[in-house]
Each structure stands twice: as structure tokens, then as C-alpha cells.
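A short worksheet on the structure shown next.
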Amino acid sequence: MATKKQKTKVENREPNDAVNVGKKDIRKDHILVVEDDTAELETLAEVLVADDREIHTAQTGEYGAKLLDKLDIDLLITDLMLPGKTDGLDLLRKARKNEKKTGVILVTGHGSVDTAIEAMKEGAHDYLTKPVDIRRLRAVAEKALEVAHIARRHKELEEAIAVESGFMGIIGESPAMKTVFERIRAAAPIDSTVLITGESGTGKELVADAIHELSNRAEGPLVKVNCSAIPESLMESELFGHEKGSFTGASDSRPGKFELSTGGTIVLDEIGDIPLKLQPKLLRVLENSTVERIGGRESKKLDLRVVSSTNRDLDKAVEENEFRQDLLYRIRVVTINLPPLRERKEDIPLLIERFLARLSVRLGRKLEGISKEALDIFMDYDWPGNVRELKHALEQMAIFSAEPVLSNVPETISGKKVFKVGSLAGVPIKDLEKQAIMQTLKDVGGDKKQAAQVLGIGLRTLYRKLEEYGE
Ligand SMILES: Nc1ncnc2c1ncn2[C@@H]1O[C@H](COP(=O)(O)OP(=O)(O)OP(=O)(O)O)[C@@H](O)[C@H]1O
Ligand SMILES: [Mg+2]
């Protein structure tokens with residue numbers, strides 16, 4: 001018993017001089033027991049003693065609250081009724097509100113079981129009635145700690161992901177991007193129709209992915225339709241499907257993208273390019289949540305979420321009679337606008353760091369950064385192709401330089417003719433092809449049709465390549 005007593009740290013003193021403050025061994029679980037009766041307190045504390053635990057105790061709610069603030073408590077075990085102003089319920093609420101994901105077990109006397117049940121609704125893991133059954137206490141504490149560990153691990157992972165990449169793979173920490181993250185977080189779970197706007201290369205597709213991932217449809221399909229890549233003549237069938245024989249060449253029945261999205265999310269990319277004559281049908285589908293295949297007689301109920309994106313000014317398109325106003329209203333219930341990179345240049349150093357880290361892994365060599373001069377150029381440049389352009393500039397620099405610190409800024413960005421292609425020997429053809437494609441796209445201002453023409457490939461091939469590159 002004496003040895004156990006020694007291990008039990010009873011800290012009924014002010015938290016400022018509590019021995020554990022700031023020196024917490026992170027591998028140990030910290031348990032706080034709050035109970036006004038000294039004998040009961042000691043019993044509870046002793047029962048919980050284990051090598052991988054640190055037990056803290058308090059005899060008043062006020063002191064317990066202080067310890068909750070000061071220490072990183074994994075599990076709080078508290079009597080419901082405590083003398084003074086702060087009772088067990090107050091401690092429970094405090095513990096559940098904190099960042100540390102503290103687990104809570106309540107101990108109650110006879111007659112307050114109802115309150116204990118009420119407390120469960122506020123997030124307590126369990127409750128024990130007095131006199132406390134020692135075996136049950138051990139078991140319940142064990143379980144609550146397990147849950148606390150999972151919650152903690154989850155939080156750590158979330159933080160790690162956030163540190164790695166900003167938010168769901170979207171890099172950025174500028175106020176403008178933080179606003180974007182908040183809007184994604186708010187819109188994702190509520191099934192509302194979202195319109196993502198922003199210049200080419202600002203990350204609209206990443207945002208669409210994030211919305212799907214964070215929605216309760218995440219388990220369902222995510223179907224992307226690039227409205228500018230599909231020839232006008234095929235668009236209707238592609239979106240809504242067709243029955244066999246409904247038009248020349250319809251040799252079988254096929255579901256459209258809307259049907260295929262059921263249970264999940266459909267992303268209508270470049271929605272501004274939907275032909276005017278298809279817009280009324282699209283509007284009808286969206287409004288009724290039903291779809292009829294071309295040549296089909298029954299209409300199928302749809303259960304999906306619609307996310308659209310565009311780099312066009314749709315209000316202007318409405319004015320110019322290229323886009324229907326009623327459709328615009330229908331698709332932009334919630335708007336998320338991605339700011340161009342030139343308006344959030346403070347994100348550039350972070351983008352460089354993260355992209356180089358990813359490139360290091362991909363290319364299997366250490367890339368430490370870019371030179372001071374290169375950074376100055378990056379910060380001065382306007383980035384008409386936005387994050388995509390920056391990402392490709394770095395890729396190009398990495399491919400054509402063997403140095404860990406890159407300084408060979410492409411001339412299109414530096415404005416100087418300093419970029420020399422070294423020997424191309426050994427450069428993977430795929431990488432060269434990608435550089436050619438991305439460079440051409442940039443030169444023609446992102447116009448994919450024109451880029452395909454210049455490159456001498458079909459538009460569909462271009463889209464397929466871009467998809468391969470993850471664009
Ligand atoms: N904030 C960001 N963090 C990380 N990567 C980004 C970010 N923004 C864009 N990218 C990357 O840039 C490229 C282009 O992004 P995306 O395809 O989402 O742009 P977009 O706005 O849909 O462009 P477009 O209008 O041309 O289709 C992708 O490789 C994407 O991963
Ligand atoms: Mg896109």
C-alpha cells in the first residue's frame with residue numbers, strides 16, 4: 001500500500017507549483033480525480049494507479065477546474081456533487097469544451113442517477129454510482145481512455161494534415177484562403193448546391209473534391225463532367241443518358257452522368273460552356289431532381305448533390321444571353337470564390353515549400369528550396385496561370401536542374417532569356433510532353449481548344465493528358 005501511495009500524486013496545492021506542469025511525459029495518461037471526501041478520493045486514485053498513468057487529485061470543483069486548465073488531462077473522474085460553486089456538471093462541460101478531448105466519468109450518489117444520465121447527453125463517457133465498484137471503475141476508465149486516445153490521435157492526424165497541406169490538400173494560409181476553407185467547411189455537410197468560381201488554375205477542382213470528401217455523400221460516387229470537353233452533339237446523352245435506338249448510333253442504352261452520380265456528387269466543370277439549348281433541360285433536372293434518358297419514358301429520381309465550377313463571369317454571360325439567369329440562380333445557392341494568386345502572394349513561399357516537398361518524393365531527390373533571387377522573381381510575378389503555373393514552374397526547374405536549391409527560373413516568368421535547357425538526355429519523354437503541353441496552355445492563356453490545335457493533338461487527347469497529370 002505504501003508504495004502505491006507514493007506513486008499516487010496528490011496535488012492539493014495551487015496549480016502554479018504543481019510538480020507536473022510543463023513536464024508532462026506525453027506517453028503517460030493523465031487522470032484527474034475530483035472528490036471532496038478524502039477517503040473516497042484516495043480509494044479512487046489508488047485503484048487507477050498504473051505505470052503508464054499520472055494521477056492528479058482535487059477536492060473542490062474550483063481546484064479541479066484549475067487543474068483542467070493547467071494540465072493536459074486525458075480523463076476526468078469527478079463526483080457530481082461537490083461543495084462550492086463548481087460541481088461535477090460544470091467540470092464536465094469545461095472538460096468537453098477544451099481542445100484536449102478530455103474523457104469524463106461521473107461518480108454519483110443514490111438519487112442523482114437522473115442527473116448522471118442527463119450528463120451522459122453532454123458528453124460524459126459513463127457514470128458510476130456510489131459505493132463505486134472497483135472493477136467497474138477500472139474497466140470504465142480503461143474504455144474511456146481508449147476513446148480519448150482515438151480522439152486525440154484523430155486530432156493529431158487532422159493537425160498533421162493541416163500542417164502538410166493547408167486544408168484537404170489545398171495549400172494556403174492567407175486570410176483569403178482561410179475564408180475559402182471556412183466556406184467549404186460550412187457548405188460541405190449541408191447538401192446545398194455550390195458554385196465555385198475563380199480564374200484558371202486557382203484550385204476549383206480541389207475545392208470540389210474537398211466538398212465531396214467532407215459531405216455525408218463522401219462514400220458515394222464523385223462524378224466530374226467537363227462541360228467544355230464534351231462535343232455539343234454528345235452532351236445531352238452524356239449528361240442525361242439515352243435508350244437504345246433513341247438516335248442514330250445509339251446502339252445500346254446508357255445511363256447519363258446524373259444517374260451515375262446517385263448517392264454522391266456531380267461536378268459540372270466549366271458550366272459556363274453548357275450549350276444554351278441544353279440549359280432548360282438541365283434546369284428542369286435540377287429543379288425536379290429527376291432525369292429522363294433521351295428516348296426514355298420513365299423519369300428516374302435523383303439523389304445527388306450538384307457542384308458547379310466556372311472561370312467565366314456568369315453574370316456577364318447572362319447579360320450576353322449566353323447563359324440563362326434562372327439556371328444561374330439555381331446553381332449558385334452557395335458561391336465559393338477562389339482569389340487569384342496575385343491577390344494572395346503571401347501564400348507563395350508556402351506553396352513553394354509544399355510543392356518542392358512533394359516533388360522531392362516524386363523525383364527521389366532532395367529539393368531544399370529556391371534561391372533568394374528566384375523567390376524575388378516569384379514574388380514579383382503576376383501569375384496569370386495562378387497556382388497551376390507556379391506548380392509547373394517548379395516542376396520545370398526541378399527537372400532541368402540538378403541542384404538542391406533551384407535558381408533556374410523559366411524565362412516566361414523571369415522575363416529574361418536566362419533559362420537554358422541543359423542536356424535533354426535522360427529526361428523522361430512524359431515529362432517533356434507535359435512541359436510542352438503546359439507551356440502551350442500558358443502561352444494561349446489557358447484556352448484548351450487553341451492549345452490542342454497548336455500542339456497538333458485532339459481536344460479530347462489534351463483533356464486526357466491533363467487528367468493524367470492530375471490537372
Ligand atoms: N491551393 C492549392 N494548393 C495546392 N495545389 C493547388 C492549389 N490550387 C491549385 N493547385 C494545383 O494546381 C493545379 C490546378 O488546379 P485546379 O485544377 O483545381 O484548378 P482549376 O481552378 O480547376 O483550373 P481550370 O479552371 O483551368 O480548370 C492542380 O494541379 C492543383 O493540384
Ligand atoms: Mg478545373
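The values are calculated or read from the model by the stated rules, or taken from the named source; none is laboratory data. Remember, it's a predicted structure, so these values are computed and weren't measured experimentally. Ideal geometry is used to build each Cβ from the backbone, glycine not excepted, and the neighbour counts take in all protein chains shown.
Listed by first and then second residue, the pairs with beta-carbon distance under 7 Å, at least 6 apart or on different chains, first residue in region 178-205 and under 26 Å from H392 (Cα atoms) and away from ligand 2 (no atom under 16 Å from the Cβ), second at pLDDT below 95 and part of a strand (DSSP E or B), are F181/F167. Taking into account only those residues within region 240-286 that are part of a helix (DSSP H, G or I) and among the charged types (D, E, K, R), which is nearest to ligand 1 (Cβ to nearest atom)? Among those residues, the one meeting the criterion is D273.
Candidates in region 150-171 are the residues that are more than 15 Å from D209 (Cβ to Cβ) and surrounded by 13 or more Cβ atoms within 10 Å (Cβ to Cβ); of these, the one that is modelled with the lowest pLDDT is A162.
Output the residues belonging to region 299-313 that are under 22 Å from G203 (Cα atoms) and surrounded by fewer than 22 Cβ atoms within 10 Å (Cβ to Cβ). N311, R312, D313 - these are the residues of region 299-313 that are under 22 Å from G203 (Cα atoms) and surrounded by fewer than 22 Cβ atoms within 10 Å (Cβ to Cβ).
The residues of region 448-460 that are at pLDDT 85 or above, of a type outside the set (G, A, S) and closer than 22 Å to V387 by Cβ amount to a single one, K448.
Filtering N311, N337 for residues that are modelled with pLDDT of 95 or more and within 16 Å of ligand 2 (Cβ to nearest atom) leaves a single hit, N337.
Under the condition of being closer than 18 Å to T57 by Cα and part of a helix (DSSP H, G or I), the residues counted in region 91-110 number 4. The set of residues from region 355-399 being part of a helix (DSSP H, G or I) and in contact with a Ser or Thr (Cβ under 6 Å, 6 or more places away or on another chain) comprises A374, I377, N386. Scanning region 213-222 turns up one or more residues that are within 15 Å of ligand 1 (Cβ to nearest atom), more than 22 Å from V387 (Cα to Cα) and either surrounded by 14 or more Cβ atoms within 10 Å (Cβ to Cβ) or at pLDDT 95 or above (or both).
For L68, the conditions (1) under 23 Å from K101 (Cα atoms); (2) over 34 Å from the mean Cα position of the chain (by Cα) are fulfilled apart from (2). For region 206-228, a residue qualifies if it is among the small types (G, A, S) and away from ligand 2 (no atom under 16 Å from the Cβ), and the qualifying residues are S215, A218, G220.
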